[in-house]
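Here is the structure we will look at.
The values are calculated or read from the model by the stated rules, or taken from the named source; none is laboratory data. These numbers were taken from a predicted model, which means no experiment stands behind them. Here the Cβ is made from the backbone with ideal geometry for all residues, glycine too, and neighbour counts use every protein chain on show. Areas reflect the complete protein model, heavy atoms only, side chains present, ligands, DNA and RNA absent. Shrake-Rupley method; radii C 1.70, N 1.55, O 1.52, S 1.80 Å.
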Amino acid sequence: MRHRPLCFVFLILIVIISVFHILKIPLPGEFHMSDAQKEQLESCIELRITGKVSYREKNEGVYSYYLTDTNLIHNGQKIFLHNVRVNSLGMKIKTGSSVTMKGKIYFYEGASNPGGFNAALYYSGENCYCSFDPKEIKVSKSTGIFGISEALTTLRERLYDIYTEAMGEKNGGIMSAMLLGDKSAIDTETKIN
């Protein structure tokens, strides 16, 4: 190890991270909330969150959004939530917009059966630990750099419409996944096979 100091530094770093993980101490920037806190928040009928719309997804005419830099405001306290998936909205909000929403929060859970889908693990890869069902939405301001993010999102949606119109729903969804990275339009049969 004397001739490989960088290797030694990374070995020490791995040991430190492993100790933090074993002792269940959250690392800086890692989301951590106790089960009791999650249950308390999920039992609230109306919570308020603020965040910035980073991604818009249209599925069967209904929009879903991903909010980044999201804060939950509860009893005068701000709780940082990283990213939040906002479920089914009928209205179209521009990407890059700052929003305030009131509604109900749901934290993702692990697999209930061995080998089942683990939503908590899947979404944690995107730093997304909960979803939100809004009842009231207020768009504060649109803060994109010259609207580039909204223009790119609109272009992606338009290209998807062109693919599905020209190739049909199934093949258009596959083409959209390959060229645009939007896997939401692929039917479940194609995903399984």
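FRET efficiency for the Gln37 to Asp69 pair, using the beta carbon distance and R₀ = 25 Å, is estimated at 0.80.
Here's the list of lysines a cross-link from Lys183 could span, going by alpha-carbon distance under 21 Å and ignoring same-chain residues fewer than 8 apart: Lys58, Lys92, Lys94, Lys170, Lys191. The residue among Ile105, Gln77, Gly125 whose Cα reaches farthest toward the positive pole of the charge dipole of the chain, with charges on the beta-carbon of Lys, Arg, Asp and Glu, is Gln77. Here the gap between Glu165 and Val9, fully extended at 0.36 nm per residue and compared with their Cα-Cα distance, gives a gain of 50.6 nm.
A simple spin-label model places pseudo-atoms 7 Å from Cα toward Cβ; at Asn113 and Ile45 they are separated by 3.5 nm. How are the C-alpha pair distances of the chain spread across 5 Å bins, as whole percents from the shortest bin up? All Cα pairs considered, the percentages come to 1, 7, 12, 15, 15, 14, 12, 10, 7, 4, 2, 1, 0. Only beta bridges with both residues in the chain are counted; by DSSP, about 90 percent of them are antiparallel. Excluding same-chain neighbours fewer than eight residues apart, the aspartates and glutamates reachable from Lys104 by a Cα-Cα span under 16 Å are Glu39, Glu42, Glu46, Asp133, Glu136. In the range 1-92, the ratio of gyration radius to Kirkwood radius, Rg to Rh, stands at 1.17 when only Cα atoms are counted. Each principal axis of the Cα atoms in the range 97-168 has its own extent, and those three values, largest first, are 44, 38, 22 angstrom.
Were the residues from Leu89 through Lys102 laid out at 0.36 nm apart, the gain over their Cα-Cα distance would be 3.4 nm. A simple packing score, the average count of other Cβ atoms within 10 Å per residue, orders the peptides 63-72, 16-25 as 63-72, 16-25, with the highest score first. Surface exposure of the chain, expressed per residue as accessible area with a 1.4 Å probe, stands at 66 Å².
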